[in-house]
Amino acid sequence: MRVYVPLTLSGLAEAYKTGELGAGSLVAYAVTPGLREWYVSDDIEELEYAALNRAALASLRLIAADPDAVRRRVVVAVDVPDGAAVADPGRGLDPAVLGEVRITGAAAAAGAVALGKAAAVHVDAADAVADVAAAVEALAAADAGDGDAQFVVDGAEDHELLWFATQEIPELLGSGE
């Protein structure tokens, strides 16, 4: 199963250094029943793109929590065994957690998800930095229902994340840190 793990560039650097995306129960995003119902599509590529975008929003939240983080969203696409990523069925169509899963079972029991299992890394281009920075500043107001702030957050989401092979991580970190 393909899951999308939100990170920051410093989080990606740490994952590259340790070889692990995180220990224990790791939050990621995937095509869940709730995401399928919300997105109303049977096209798996469209659904995976929606899960990637949910992870990009979670990355934005991680950036907002770290004032020193580089203002570029990062999402790592990783394949985990079926059943290793579990959605909380009690949260249904809660917009805050659509597509959210926890990586559990053997993947988490081993202590961490290996970066070596990653299929790709998705990162904002340098030209997105200003919009991502503005979105970080507007995030709290957008969460409180401010339409103008939501428009600013959506401005970051208008930037497509670039695709990088995992072999490109060292170059990516050298250009973004």
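Sorted into 10 angstrom bins from 0, the C-alpha pair distances of the chain split as 10, 38, 38, 13, 0 percent. Phi-derived couplings, Karplus 6.51 cos²θ - 1.76 cosθ + 1.60 at θ = phi - 60°, listed residue by residue for the range 119-134: 8, 6, 10, 10, 9, 4, 6, 4, 6, 8, 3, 5, 5, 5, 4, 5 Hz, with x used for Gly and Pro. For the chain, modelled as a GNM whose springs connect Cα atoms under 10 angstrom apart, the maximal fluctuation among VAL74, VAL40, VAL153 occurs at VAL40.
FYI, it's all coordinate maths here, none of it is from the lab. Treat the numbers as computed from the prediction; the structure is a model and nothing was measured.
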